[in-house]
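The values are calculated or read from the model by the stated rules, or taken from the named source; none is laboratory data. Since this is a predicted model, take the numbers as computed values, not measurements. Glycine also receives a Cβ, built like all others from the backbone with ideal geometry; neighbour counts cover every protein chain displayed.
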Amino acid sequence: MNIPQAVASMTALMSLGALASTAPAHATDVGTLDTSAIAAEVAATSPSSAELAELSTLDQVTKLNRCVDLATERYCIGLGFVDVDPSYERLANAANAAPVSDPTGAMSTADWVRTRLEMSDAERIKAEQDEIDVALAGVEKARTERLRTELTQSGDFGQADVGTQAAVGGPYTIMTGYQTKQGKTYYCGPATMQSIDWGDPGDDGVKDTQNVWADILGTTAGSGTGISALVSTTNSSTTWDNYVNSYIVGSVSSWNTATWYDKHWNHFGGNPNARSRKAPIIEHVMLKKAYFPYLKYDHGGHFQVGRGAKWASETDPKTIYYFEVYNENDWYSSVTTDTWGPRTIASSTYLNATKAHAQQNIGY
């Protein structure tokens, strides 16, 4: 794509408010969502404990992680808004996998499935409906983000195409000085939430402890923290949603490297037409040495605070800035250096670390 074409595509992208108002003819408009009908559908399709007990793991995750159409958007329970339906085989394999030996606190697929199986039918329906309620508040944002993704994925718009017109530059960073480290081995969720809260421009001045956030998030030693709880709490307990609209859980399964960087660049104030759009991303990765070489050991699912993006020049790699909340030095006598604090990572490596997690999603 040449520069004039790129600029034209970028102009179209910046007008996504108009694009988002045009839905497929068969779809219900976001503004006229029948929430009662959606609630009835969630309840009617929720599997009973008796039914689940007779199913294979593959069939269990297919039922538990089922997808619901919310106007023009598709939302899968436990996974978030999706561009393509999830791989239930991948989820079943993760649900059957042995627990990792050194978890840091993000709820695994196996633990998510187990907790759903342990619920009563009424508890399960309530948990599903609570999640859908949060998703409903973010449907308009999900539509805008899907349209943006379609442009970046198709090549009609992308940071590589725009080049020096907009995307090259930075770093575009936020929350300097608000890094935290988790106080317990399974507290990556509470530590991430603590950092996000402390860096909130509308912070109430109360520096809540990680124990407080653990209670709010429903964090447990056995299961850790779920990403849906982090997204819901960010919306209800901070003002970050005033800058980027309601936080949503979004799947990255279909994203390429251009889309991945674009989402971060746009979220951290890189977009020249939306400089005030600055808010953290809830990163959801597999904490492995292959992606994070400062580690001495491999761990499991993990949350981090995405906080910046940089593309110094068209010949340089794209970089993401984040806060690492896990400090191996606190938990292993064989580790003599700190691992927590401000970090940078190649954007493509970060996408790979996110896709390595069976759930393949982030909160943004």
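So, in segment 81-118, how many residues would count as being within 15 Å of A229 (Cβ to Cβ), assigned to a loop (DSSP other than H, G, I, E, B) and not polar (S, T, N, Q)? Number of matching residues: 2. Restricted to segment 66-84, and to residues there that are closer than 14 Å to V134 by Cβ and β-branched (V, I, T), the residue that is surrounded by the most Cβ atoms within 10 Å (Cβ to Cβ) is I77.
Scanning segment 46-65 for residues that are over 20 Å from Q129 (Cβ atoms) and in a loop (DSSP other than H, G, I, E, B) gives E54, L55, S56.
Restricting segment 186-215 to residues that are under 21 Å from the mean Cα position of the chain (by Cα) and of a type in the set (S, T, N, Q), the residue that is surrounded by the most Cβ atoms within 10 Å (Cβ to Cβ) is T192. Scanning segment 273-291 for residues that are buried (at least 23 other Cβ atoms within 10 Å of the Cβ) and either more than 17 Å from A191 (Cβ to Cβ) or out of contact with any strand residue (DSSP E or B) (no Cβ under 6 Å at 6 or more places or on another chain) (or both) yields one hit, A279. Within the set of pairs 6 or more residues apart or between chains, which connect a residue that is over 24 Å from P99 (Cβ atoms) inside segment 198-225 to a residue that is among the hydroxyl-bearing types (S, T, Y) and in a loop (DSSP other than H, G, I, E, B) with Cβ atoms less than 6 Å apart? Filtered contacts from segment 198-225: W198/Y178; G199/Y178; D200/T238; D200/T239; G202/T239. Of the strands (runs of 3 or more DSSP E) lying entirely inside segment 279-361, those containing at least 2 residues that are closer than 19 Å to V100 by Cβ are 281-286, 301-311.
A search for C-beta distances below 8 Å between a residue of segment 80-91 that is not assigned by TED's automatic domain parsing to the domain that holds K355 and any residue that is acidic (D, E), counting only pairs 6+ apart in sequence or on different chains, returns F81/E73; F81/E145.
Among the candidates G218, G224, G270, the residue that is surrounded by 24 or more Cβ atoms within 10 Å (Cβ to Cβ) and at pLDDT 95 or above is uniquely G224.
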